[in-house]
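Contents: one structure, followed by commentary.
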Amino acid sequence: MKAKNILFVVVIATLPNILFSQKSEPKNEFAVLFGLNQPLFLDGFNFELNYFTPKMAFDFSHGVSLDFAGSAVVGEMKDQHLVAHLPFSTGVGVGYRFTNFLNLRVEPKWHEFEIYYEDETQIEANQIVSYSTFTLGLGLYGKWHPFKKKENALKNIVIAPSIRWWPNVASTLEDNQFEYFNKITNQTEVHEALNIGVANTPWFANVSVGYRF
C-alpha cells in the first residue's frame, strides 16, 4: 500500500474515535508530536509542541527542509519546470477545545520558499528567487489516545489527525509575484507566490504521532 493511502486510512480510522468515543473531561496536558506528511511526501521533518488546558489549546510547530517536487508540483510550477524547497515553515496556534478530543485553532504561520529549476542542484547560485509567505488560517484537530486503558507507557501515545486551511495574507514578493526569464521554456515567465497546501491550495491534512506528559 502506498504511503499516501496509508495516511488516508489512518485519518478515516481515527475520526470516529475522536468524534464519538472517549467522552472524558478535558484536562491540562503537554504533548510532543511529529507529523507524518512531511517525511512521507515532502522529504522533510516537522515537530509540534502542544499545551492543553480544559478549554484551550496552544501549539508551536516547525517544519524543516520541505520539498515541493514530483507530484507535489502542479500548474504554473509544473509548466515552468520548477520545484520549491522550504528551509522552514513555522508558527503558532491558539484555539478552543470542544471536547477532550476535538479542538479548533487560529494559526498564524511563516513559510520560507526557495525556487529552483527541476533536477538542478539546489545551491544559492542556482536559485531563481527566494521569498517568504505569511498565512493566517484555521486548523481542526483531533487528539486520540488509542492505548488509554493500558497501565503502562503506551497509554500516553497520541495520534492527532488534522485538517487545515492556511490562506496567504502577505508575501515578500512585490505584488505577490516574480517575473523572470525561464531558460527551459525560453521565455519570460511569472512565478506567483505559492500556497502552502496540497496542489498549491491553502488546504491540507496531516496525521501527527507523539507522546503526552
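As a rough footprinting exposure proxy, the listed residues PHE134, PHE98 were ranked by other beta carbons within 10 Å of their own, and the order from fewest upward is PHE98, PHE134. Taking 7 Å steps out from each Cα toward its Cβ at VAL169 and VAL106 produces label points 0.8 nm apart. A simple spin-label model places the labels of GLN122 and LEU138 3.2 nm from each other, with each point 7 Å out along Cα-to-Cβ. Taking the C-alpha atoms only, the angle from helix 3-20 to the longest principal axis of the chain is near 40 degrees. Only one item in [x] 50, 32, 31; [y] 47, 36, 31; [z] 63, 36, 26 matches Cα extents along the principal axes in Å derived from the coordinates shown, and that item is [z]. Extending 7 Å from Cα along the Cβ direction at GLN177 and again at LEU40 yields two label points whose distance is 3.6 nm.
Here THR201 and LYS149 are evaluated by their C-beta separation; at R0 = 35 Å the FRET efficiency comes out at 0.35.
When the helices of the chain are scored as -39500 (n - 2.57) per DSSP H run of n ≥ 4 and the total is divided over every residue, the value at 222 nm lands at -4000 deg cm²/dmol.
Every number in this text was worked out from the coordinates using simple rules, so none of it is lab data. Remember, it's a predicted structure, so these values are computed and weren't measured experimentally. Heads up, the Cβs are rebuilt from the backbone with ideal geometry, glycines too, and the neighbour counts pull from every protein chain shown.
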